[in-house]
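Chemist: Sharing a structure here in structure tokens format.
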Amino acid sequence: MEKEEIKQTIFQHPEFETFTKEMNALFAKWKKKSTAYLKELKAGFHPKEVIFELSESLLAQYNRQGPDR
């Protein structure tokens, strides 16, 4: 296999395509929930706490290892 073909081969592999779809579904689910949370923020919130909560919820979402878990 030529060096130039490696990336294309990986991205077109059925397992990688399935993995990508699952990860995108997880992110979309997290994004929807997080967007609602952010829109409900009131004046006086602490940005560092919000960033921490969002980052932890994103990690937790991917730790479930699947769109339906």
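Chemist: In the range 1-32, how many residues are charged (D, E, K, R), assigned to a helix (DSSP H, G or I) and more than 21 Å from the chain's Cα centre (by Cα)?
Modeler: Number of matching residues: 4.
Chemist: Only residues that are over 12 Å from the mean Cα position of the chain (by Cα) and open to solvent by 100 Å² or more (accessible area, probe 1.4 Å): list them for the range 52-66, please. If you could, list the steps in order and put the result at the bottom.
Modeler: The initial filter retains those residues of the range 52-66 that are over 12 Å from the mean Cα position of the chain (by Cα), namely 52-53.
Correct list: Phe52 only.
Chemist: So which residues in the range 16-51 are under 19 Å from Asn63 (Cα atoms) and open to solvent by 80 Å² or more (accessible area, probe 1.4 Å)?
Modeler: The initial filter retains those residues of the range 16-51 that are under 19 Å from Asn63 (Cα atoms), namely 16, 18-34, 51.
Passing the criteria: Phe19, Lys21, Asn24, Phe27, Lys29, Lys31, Lys32, Lys33, Ile51.
Chemist: Also: Output the residues belonging to the range 33-51 that are of a type in the set (D, E, K, R) and either within 11 Å of the chain's Cα centre (by Cα) or not in a helix (DSSP H, G or I) (or both).
Modeler: Glu40, Lys42
The values are calculated or read from the model by the stated rules, or taken from the named source; none is laboratory data. Every value quoted in this text rests on a predicted model; they were computed, and no experiment measured them. In case anyone asks, the SASA skips ligands and DNA or RNA and just uses the protein heavy atoms, side chains included. Shrake-Rupley method; radii C 1.70, N 1.55, O 1.52, S 1.80 Å.
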